[in-house]
Each structure stands twice: as C-alpha cells, then as structure tokens.
1. Give the number of residues within region 69-110 that are in contact with a helix residue (DSSP H, G or I) (Cβ under 8 Å, 6 or more places away or on another chain) and within 21 Å of residue 137 (Cα to Cα).
2. Just checking, which of 63, 69 is under 20 Å from residue 3 (Cα atoms), modelled with pLDDT of 90 or more and crowded, with 19+ Cβ neighbours inside 10 Å?
3. What are the residues in region 49-59 that are surrounded by 12 or more Cβ atoms within 10 Å (Cβ to Cβ) and free of Cβ contacts under 8 Å to residues at least 24 places away in the same chain, if any?
4. If you scan region 115-133, which residues turn out to be assigned to a loop (DSSP other than H, G, I, E, B) and either surrounded by 11 or more Cβ atoms within 10 Å (Cβ to Cβ) or in contact with a strand residue (DSSP E or B) (Cβ under 9 Å, 6 or more places away or on another chain) (or both)?
5. From (1) more than 11 Å from the chain's Cα centre (by Cα); (2) farther than 15 Å from residue 21 by Cβ; (3) surrounded by fewer than 19 Cβ atoms within 10 Å (Cβ to Cβ), pick out the condition that doesn't hold for residue 94.
6. If residue 101 meets every condition in (1) touching a residue at least 24 places away in the same chain (Cβ under 8 Å); (2) under 12 Å from the mean Cα position of the chain (by Cα) apart from one, which number is that one?
7. Please go through region 23-36 and give me each residue that is within 14 Å of the chain's Cα centre (by Cα) and either surrounded by 14 or more Cβ atoms within 10 Å (Cβ to Cβ) or modelled with pLDDT under 85 (or both), ordered by number.
8. Answer yes if at least one residue in region 2-17 is within 19 Å of residue 111 (Cβ to Cβ) and surrounded by 15 or more Cβ atoms within 10 Å (Cβ to Cβ), and no otherwise.
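The values are calculated or read from the model by the stated rules, or taken from the named source; none is laboratory data. Note that the structure is predicted; figures quoted are calculated from it, not measured. Glycine gets a Cβ as well: all are built from the backbone with ideal geometry, and neighbour counts include every protein chain shown.
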C-alpha cells in the first residue's frame, strides 16, 4: 500500500469513499443528513485540511485521512476495503508526522470508537453535540506521543 498526498483530481473518489463508508457505519444519520453533508465534504471539508490517500496494491484509493495539525479531522476507508490495514497505515503515517494525535468520534459509531481504542487512543472527554451543533454526542480521544 502506498500513501501519497491528495490531489484535487482525487476529490470525487474521496467523497464517494466517504459516502459509502458513512452509509456502512453512521447508522444514526438519515439519508437526508448524508445527502446534505455530501456537498460539504466535497467542497468545504476536503479543501480545509491536508489529506493523504492510501492506495491499494492495484493503485486504487482504499482510504484517506485529513489532518488539521495533529488532529484527525477525517479518516475513511472504502467500505469494500475495510479490514485490510489502510486505516492503520494512515494513522501510522499521521503519527510519523505529529507523534501525539487527537480525534473526535461520534459516540453512535462504535466501530470507529473501537478502532481508535484498539490503535491506542484514549477517551479524554465527551460533548453532547457535534461541531455543527447537532445532537450527535462526540467522544474526544487522544493518542499519547
């Protein structure tokens, strides 16, 4: 697997990976929520952070990570490629850049929370609402450096 910095030509593929991943893991979101978030992911969130992609052995994008400094703002792996190490490789890469990492995880996404706990993150706080003020509790996590 190869990790490289995103180029703008990747954005539609990354948004599609986001869409499939969210549908597979974010069961607390309605289809209307997802439809409303998609253009924000494509046009606002992806351009707002540094993004690296993980390509599989066939050169296809398996997943991506978006960082704002040492904070993981997004980590999504294609639903059809989960369990093959892309998420771990992306976190390893981010850790090589920053050492200690932070991430916020939706409390209603136990798969992601478990993934981060297994990687070594610890819970350090909780908010009743997400960053957009919606009633989706968020767990704040930290990976010690």
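1. 11
2. On the way: 69 fails: crowded, with 19+ Cβ neighbours inside 10 Å.
None of the other options fit; the residue is 63.
3. Residues of region 49-59 that are surrounded by 12 or more Cβ atoms within 10 Å (Cβ to Cβ), as a first pass: 49-56.
The answer is none; no residue qualifies.
4. At the first step, the residues of region 115-133 found to be assigned to a loop (DSSP other than H, G, I, E, B) are 120-121, 128-133.
Correct list: 120, 121, 128, 129, 130, 131.
5. (3)
6. (2)
7. Just the residues of region 23-36 that are within 14 Å of the chain's Cα centre (by Cα), to begin with: 23-26.
Passing the criteria: 24, 25, 26.
8. Taking region 2-17 first, the residues within 19 Å of residue 111 (Cβ to Cβ) are 17.
Subset that is surrounded by 15 or more Cβ atoms within 10 Å (Cβ to Cβ): 17.
Checking region 2-17: at least one residue is within 19 Å of residue 111 (Cβ to Cβ) and surrounded by 15 or more Cβ atoms within 10 Å (Cβ to Cβ).
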